[in-house]
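A short worksheet on the structure shown next.
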Amino acid sequence: MSGRLRVGVLASGRGTNLQALLDASSRPEYPAEIALVVADRERAPALERAASAGVPAALLDPKGFGDRAAYDAALTALLEQRGVGLVCLAGFMRILGPAFVRAWWGRLLNIHPSLLPAFPGLNAQRQALEHGVRVSGATVHFVDEGVDTGPIVLQAAVPVEPGDTEESLAARILVEEHRLYPEAVRLFAEGRLEIVGRRVLVKGDRR
Ligand code: GRF
């Protein structure tokens, strides 16, 4: 279907969030399609998921680039070649430089396995368990130059159960991630997200 938003997904690992986006975009009424998947490591299962879905995929290995700026410029070139209008980070384990973040400001989303601003950075589920919180969850946010600090688009909460391990909590959060990310992309594609200062206004949101 033409006229759909073209989304680029950057992933380093198993790619279950990528899969959720691929599954959503396989529905004709969904207003976005995955135009390109980029991985930064060779054996990323995300690349196989892209191949299975018949979506173009590229491996952009940092080893081939002199510095971060050169890598980021190559990434932007690839995304622009494919006509990408929204970039989704989905377990992309590489920090993107300020020039990339500025170039894609307002068109760059990330998903994080905590209720931000709590527990940014690595091992969010372990941080949640160590703090003894009773509730955690998932956040989709626009990316700014900080680590997991950008304007929040959507969040979903899950309980932390007694006896939870990092794995059991991560699995419970992941269920929500797979629902939240396609929903956030849909809102973006429908032009319903507006960044106002540090906050995101969701048009038509009656809460
Ligand atoms: C997810 O937990 C996501 O929130 C975080 O990295 C993980 C990626 O998982 N940013 P997957 O590769 O999508 O399965």
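Of the residues PRO159, THR139, SER25, the one whose Cα sits farthest toward the positive end of the charge dipole of the chain, with +1 on the Cβ of Lys and Arg and -1 on the Cβ of Asp and Glu, is SER25.
Taken along the Cα-to-beta-carbon direction at a fixed 7 Å, the label points for ARG94 and GLU80 span 1.8 nm. Could you identify which residue out of GLY91, GLY197, GLY137 has the top mean-square fluctuation in a GNM of the chain using Cα springs shorter than 10 Å? Of the options given, GLY197 has the highest mean-square fluctuation.
Modelled this way, with points 7 Å down the Cα-to-C-beta line, the labels at ALA70 and ARG14 are 3.5 nm from one another. Our note on the geometry: Cα centres of segment 47-86 and segment 97-153, 22 Å apart. Given a 1.4 Å probe and every protein chain left where it sits, what share in percent of the accessible area of the chain is carbon and sulfur? Of all accessible area on the chain, carbon and sulfur atoms account for 53 percent.
For the chain, what is the accessible area per residue in Å² when the probe is 1.4 Å?
On the way: 10230 Å² over 207 residues.
About 49 Å² of surface per residue is accessible.
Using the Cβ of ASP23 as centre and a radius below 14 Å, the other residues enclosed give a net charge of 0, where K and R count +1 and D and E count -1.
Placing pseudo-labels 7 Å out from each Cα toward the beta carbon at VAL196 and VAL135 gives an inter-label distance of 2.3 nm. Taking 19 Å as the cut-off, the amide N atoms of segment 152-176 that come nearer than this to a point 7 Å along the Cα-to-beta-carbon line of ARG27 belong to 154-156, 175-176.
Placing +1 on each Lys and Arg Cβ and -1 on each Asp and Glu Cβ, with no other charges, gives the chain a dipole about its Cα centre of roughly 440 debye.
Can you give the angle from 0 to 90° between the axis of helix 16-25 and the longest principal axis of the chain, with both taken from C-alpha atoms, to the nearest 10? Helix 16-25 sits at roughly 60 degrees to that axis.
Counting only alpha carbon atoms, the long axis of helix 68-81 and the longest principal axis of the chain meet at about 70°.
The values are calculated or read from the model by the stated rules, or taken from the named source; none is laboratory data. The structure displayed is predicted, hence computed values, not measured ones. Don't worry about glycine lacking a Cβ; one is built from the backbone with ideal geometry, like all the others, and counts go over all protein chains shown. With ligands, DNA and RNA removed, areas are computed over all heavy atoms of the protein, side chains included. Shrake-Rupley method; radii C 1.70, N 1.55, O 1.52, S 1.80 Å.
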